[in-house]
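Derivation of every value follows stated rules applied to the coordinates shown; laboratory data play no part. Values in this document were obtained by computation on a predicted structure and should not be read as measured data. Don't worry about glycine lacking a Cβ; one is built from the backbone with ideal geometry, like all the others, and counts go over all protein chains shown.
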Amino acid sequence: MEYKNIKLEKENHTSILTINRPKALNALNAELLNEIDQCIDEVKNDESTYVLIITGEGKAFVAGADIAEMKDKTPEQARKFAELGLAIFRKIELMEKPVIAAINGFALGGGCELSMSCDIRIASQKAKFGQPEVGLGIIPGFAGTQRLSRLVGPGKAKELIYTADMIKAEEAEKIGLVNKVVAPEELMNEAKAMAEKIASKAQAAIRYSKISINKGFETDIDTGMTIENNLFGLCFATEDQKEGMGAFLEKRSPDFKLK
């Protein structure tokens, strides 16, 4: 499928979605969000893609929403725009395939929120993060108030949102907002290496792990343990479980299949 504002590439079992509006610092507008939505569906339906990497072209990962497009919206139009972003980012979060954010530059507002919908965040030393919305007279609209507090705790989330401060990648790593910080020239190599490592494992087990973590985090621990227990049992219906345990006992590397 052809896209105007994004690029989709494939390397082995990894798909790479690059947001490609560098002149606008990859700012999110409705057209771009709809293309991301279509691309996510394409990746979800590609059985040979095991992992998705999302990154940005140029100096920004995503520097927020397109303010020029947003400025004159009515309250209902603004709510609908936010609802669109919420649905797409939630789709990314719930997609059974792991998603890695390779954050190359500014990840502000909607960009920070996009990164938080991904499973793993790897940041360039040049990356900067923030939720600057209160400086524009609004609040985060793509679940920033929800995911940021879950990742860094409510106290730190309130500080970042109330002050609209922008923080460097090293600080983001310190507070748990990103998993790892690397040199700019190593960013994509690091993201691809992690994707390849994940792709080499049992894919059904990866899917079940993501479901169990996501669902368990949103419920009480007893319900979460029930979810985990049921998915643990389902693993024993897969060829990969037989191959993985057989390989362990035979002291060889497993040859996993996508089942």
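Observations on the structure shown:
- Residue-level check: of (1) surrounded by 19 or more Cβ atoms within 10 Å (Cβ to Cβ); (2) closer than 23 Å to I53 by Cα; (3) out of contact with any strand residue (DSSP E or B) (no Cβ under 6 Å at 6 or more places or on another chain); (4) without any contact (Cβ under 8 Å) to a residue 60 or more places away in the chain, S124 misses just (4).
- Entry remark, region 88-112: residues being over 9 Å from the mean Cα position of the chain (by Cα) and of a type in the set (D, E) number 1 in total.
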